[in-house]
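First up is the structure itself, then whatever we jot down about it.
The values are calculated or read from the model by the stated rules, or taken from the named source; none is laboratory data. Note that the structure is predicted; figures quoted are calculated from it, not measured. Virtual Cβ from ideal backbone geometry, glycine too; neighbours counted across all protein chains shown. Note: areas computed on protein heavy atoms with side chains; ligands, DNA, RNA excluded. Shrake-Rupley method; radii C 1.70, N 1.55, O 1.52, S 1.80 Å.
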Amino acid sequence: MSKRSIVCAGIDTGKHKLDVALHGRPERLQVANTAEGHEELFVWLRQHRVKRVGIEATGGYEQTVVRRLRQGRFVVVVFQPAQVRAYGRFHLRLAKNDKIDAALIAACTSDVRTIHAPPDRRLAELAGLQTQIDQIVRAMARFKNHRESCRDAALRQLWDDEIRRFQGLFRQRLKQLVAAIRQHPDLAERLDLILSVDGIALRTASAIVVRMPEIGQLSRGQAGALAGLVPYDDDSGEHAGDRHIAGGRERLRNNLYAAAWIASLRWNPQLTALYKRLRDAGKEHKVAVVACARKLLIFANAVVARGTPWEVRTIAH
């Protein structure tokens, strides 16, 4: 089927409604972002012979409709907001409202050259639980900061109680996530291989399994780039800017950064040596930890690719 014969739609997603446009055609639709609205959308797309649907990721509000459309065998492309913004700037389409955004997403969808396979549905279902764990960890960090700056004894006790409550919730949710992962033999094997790497604990291992389904099928550079741990140049003419990381999967990167910080201090001799070497060379602490996080992910990618547990002597520096 040629590109010209493919009818493409774009969906601008809001918390309460969906605005829909067809590429190159005047038809428009607005429906509620509810199960009933999704069924109305489904019928409308079928009536207009739509084959490919583009939708922008909007904090999870798009997930239910994406799942429904994929069940109906539509090809669904989920864009990051930055992709749609860049496409609009390139084509000088700077005006913005919900209907205009839907038409822009439809045009962007029509121009897509590579269609990736939809994500593993099992991992999509586990991602919600993984997100809860990440949110609990962030909440505990805030409570600890409040406690440290508090001089009132009663209020400090309140923060202590909240921290203990959230610690229990963390353990409960993590246990639930690991049990769900272990229901699938292939995911359980992947989890155990990643856990074999010194410095990767259960929270980080589960995050890698859930957040990076491509693990074991990537080059070391690809793995680092997907996690947003590869530094990019910032040079132009005679200007030589600092290299910096950008993009990637933020929640996975945060997990790896926290794990690498501890692993480089205590649990992984290779990371300890790398951290020391970088610091001795004058690199900032954060730069050295990012390098250790990237190396930790490379280790995980290597053991999954080989299908054998981690051993220090088998990992290339």
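Summary value for segment 1-74: 33 percent relative contact order, contacts being C-alpha pairs under 8 angstrom separated by 6+ residues.
Taking the chain as the reference, fit the longest principal axis to its C-alpha atoms, fit the long axis of helix 185-195 to the helix C-alpha atoms, and give the angle between the two in degrees, 0 to 90, nearest 10. That works out to roughly 40 degrees. Percent of Cα pairs in segment 24-121 per distance bin of 5 Å, from zero to the largest separation: 2, 11, 24, 27, 21, 12, 3, 0. What you get for the chain, charging only the Cβ of Lys and Arg (+1) and of Asp and Glu (-1), is a dipole of about 320 debye around the Cα centre.
Solvent-accessible area assigned to carbon and sulfur over the chain amounts to 52 percent, based on a 1.4 Å probe. Which lysines, on any chain, are close to Lys51 with Cα under 23 Å apart, when same-chain ones fewer than 8 places away are left out? By straight Cα distance, Lys51 reaches Lys3, Lys17, Lys99. For volume of the Cα convex hull per residue in Å³, the value computed from the atomic coordinates appears in the list [x] 140; [y] 122; [z] 206 under label [z].
Here the Karplus curve 6.51 cos²θ - 1.76 cosθ + 1.60, taken at θ = phi - 60°, turns the phi angles of segment 155-167 into couplings of 6, 4, 5, 4, 5, 4, 5, 5, 4, 5, 5, 6, 5 Hz, with x standing for Gly and Pro.
Dividing the summed helix terms, -39500 (n - 2.57) for each DSSP H run of n ≥ 4, by the number of residues in the chain produces a 222 nm estimate of -18000 deg cm²/dmol to the nearest 500.
Roll a 1.4 Å probe over the protein chains and send me the accessible area per residue for the chain in Å².
Result: 57 Å² of accessible area for each residue.
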